[in-house]
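Only one structure is covered here, and it is reproduced in the block below.
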Amino acid sequence: MTWLDLPSDDLFGIDNLPYGVFSPPGRHPRVGVRVGERVLDLADVLADPVFAEPTLNAFLAQGRGAWSAARERIREVLTAERHRAGAEAALYRLDEVALRLPFEVGDYVDFYASEHHASNLGRLFRPDSDPLPANWKHLPIGYHGRSGTVVVSGTPVTRPCGQRRPPESAAPVFGPSQRLDIEAEVGFVLGTGSPIGSRIGVGDFRDHVFGVCLVNDWSARDLQAWEYVPLGPFLGKSFATSVSPWIVPLDALEAAWTGLPVRDPEPLPYLADAGKDGLDLALSVRLNGQEISTPPFAAMYWSGAQMLAHMTVNGAATRPGDLYASGTVSGPAASEAGSLIELTHGGTRPLTLPDGSVRGFLEDGDVITISGTAPGRSGARIGLGEVTGRIDPARLPTG
Ligand code: MN
């Protein structure tokens, strides 16, 4: 199997091998794969300059053939005894390296692909209309987000200031958000891009998408509620979006493919799903170390392939490093919602945590951690890692 001394149920065993960018002590950032609680320096063991880059983008641009070949070489290095001495010299403990944003984010799109989340939010934001907008089952709704404020897990998130209109008030006020929330999501990282004027079909997903990460789409609900009509999310979202440091390649997710929920009605032909396009990813959300939700990605209505097909059906170009996120992952059960606004019914039914603390929305100092696992090819689960962030107090404008 492998010369590495790893338990067979390790979430970061030989069947996973997610990619990230790390800085060894006193050295420049470079590309590595996580193995157990260590990271393998690919620039050292594979002697390929693409892995000496400070981001994954050059590797992403090489395409599926290169991705699969690299994975084969890494697996050989980690299993064949003859590579052991060289590889051991290129392994660092996770606690001695700094993890970086793994790729330079090109365009960033956030979707809204969970029927449970969209229905829950529709009931809260628009109590007098149908929970789902008329277009919802015909196309995966999304918006273009702010790629420059995508940050790696561990980066503190400053509570945003902005306009909000308090209930029963005719005029808005300015100040720190009072309803700061999370959105537990899965992100898809583009490898092979596509030129302007072309489309990526549902069946071409695996030729273009390199892998997945976890995303926390931090959301200021009071800013969002005041600003979003009619053009959608803006400053209530763009202050920070956190991503996990490890990108799990699609090659590691072969056992995770599953069917999608029943389509009703059938979407237009360009969105027809190609079969097992769902992904059986299990998420967990912790607030200050206490689990508050277990969102199931398999319950998502729209697949990652359908999102990509829709995102490019108008001829929009894509580039290596583009990121699109699924939208909040919420399952059918109350305990499976991926945001506090759903878990607390708009803040009206605060959560009581095991330590006795009570939360409607996030308080300064709160730490949110989203983690995830997927079925691995040998039966054991593989880890998606985690995306974590602490809320720092608002910085009020001066002068
Ligand atoms: Mn979102």
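The values are calculated or read from the model by the stated rules, or taken from the named source; none is laboratory data. Note that the structure is a prediction, hence the values are computed from the model and not measured. Backbone-built Cβ (ideal geometry, glycine too); neighbour counts: all protein chains shown. In case anyone asks, the SASA skips ligands and DNA or RNA and just uses the protein heavy atoms, side chains included. Shrake-Rupley method; radii C 1.70, N 1.55, O 1.52, S 1.80 Å.
Among the candidates Arg84, Arg34, Arg64, Arg73, the residue that is open to solvent by 40 Å² or more (accessible area, probe 1.4 Å) and in contact with a Phe, Trp or Tyr (Cβ under 6 Å, 6 or more places away or on another chain) is uniquely Arg84. Please determine whether any residue of the range 189-203 is touching a Gly at 6+ places or on another chain (Cβ under 8 Å), open to solvent by less than 30 Å² (accessible area, probe 1.4 Å), of a type outside the set (S, T, N, Q) and closer than 24 Å to Ser293 by Cα. The answer is no, given that none of the residues of the range 189-203 is touching a Gly at 6+ places or on another chain (Cβ under 8 Å), open to solvent by less than 30 Å² (accessible area, probe 1.4 Å), of a type outside the set (S, T, N, Q) and closer than 24 Å to Ser293 by Cα. Can you confirm whether the range 174-181 contains a residue that is open to solvent by 50 Å² or more (accessible area, probe 1.4 Å) and within 16 Å of the ligand (Cβ to nearest atom)? Yes: the range 174-181 contains one or more residues that are open to solvent by 50 Å² or more (accessible area, probe 1.4 Å) and within 16 Å of the ligand (Cβ to nearest atom). For the range 220-236, the set of residues classified as open to solvent by 10 Å² or more (accessible area, probe 1.4 Å) and at negative phi consists of Asp222, Gln224, Ala225, Trp226, Glu227, Tyr228, Val229, Pro230, Leu231, Pro233, Phe234, Leu235, listed by residue number. The requirement of being surrounded by fewer than 18 Cβ atoms within 10 Å (Cβ to Cβ) and in contact (Cβ under 8 Å) with a residue 12 or more places away in the chain is not satisfied by Asp15.
Does the range 245-262 contain any residue that is touching a Gly at 6+ places or on another chain (Cβ under 9 Å), farther than 19 Å from Asp207 by Cβ and crowded, with 21+ Cβ neighbours inside 10 Å? Yes, the range 245-262 has at least one match.
Of all residues in the range 216-232, those that are over 17 Å from Val150 (Cβ atoms) have Cβ atoms under 8 Å from Cβ atoms of residues that are within 16 Å of the ligand (Cβ to nearest atom) and modelled with pLDDT under 95, 6 or more apart or on another chain, in Ala225/Phe125. Scanning the range 306-331 for residues that are more than 13 Å from the ligand (Cβ to nearest atom) and either open to solvent by less than 30 Å² (accessible area, probe 1.4 Å) or more than 19 Å from Pro140 (Cα to Cα) (or both) yields Gln306, Leu308, Ala309, Thr312, Gly315, Thr318, Arg319, Pro320, Gly321, Asp322, Gly331. Of everything in the range 134-173 that's among the small types (Gly, Ala, Ser) and within 28 Å of Met311 (Cα to Cα), which residue is most open to solvent (accessible area, probe 1.4 Å)? Looking at the filtered set, the residue picked out is Ala134. Out of the range 294-305, which residues are in contact with a helix residue (DSSP H, G or I) (Cβ under 6 Å, 6 or more places away or on another chain) and within 16 Å of the ligand (Cβ to nearest atom)? Matches in the range 294-305: Pro295, Tyr301. Residues in the range 197-223 that are within 17 Å of Glu185 (Cα to Cα) and either of a type in the set (Gly, Ala, Ser) or more than 20 Å from the chain's Cα centre (by Cα) (or both): Gly211, Ser219, Ala220. Condition (residue is touching a residue at least 40 places away in the same chain (Cβ under 8 Å), of a type in the set (A, V, I, L, M, F, W, C) and surrounded by fewer than 18 Cβ atoms within 10 Å (Cβ to Cβ)) applied to the range 102-118: is it met by at least one residue? No, there is no match, as no residue in the range 102-118 is touching a residue at least 40 places away in the same chain (Cβ under 8 Å), of a type in the set (A, V, I, L, M, F, W, C) and surrounded by fewer than 18 Cβ atoms within 10 Å (Cβ to Cβ). Every condition in (1) modelled with pLDDT of 95 or more; (2) surrounded by 15 or more Cβ atoms within 10 Å (Cβ to Cβ) is met by Ala380 except one, and the failing one is (1).
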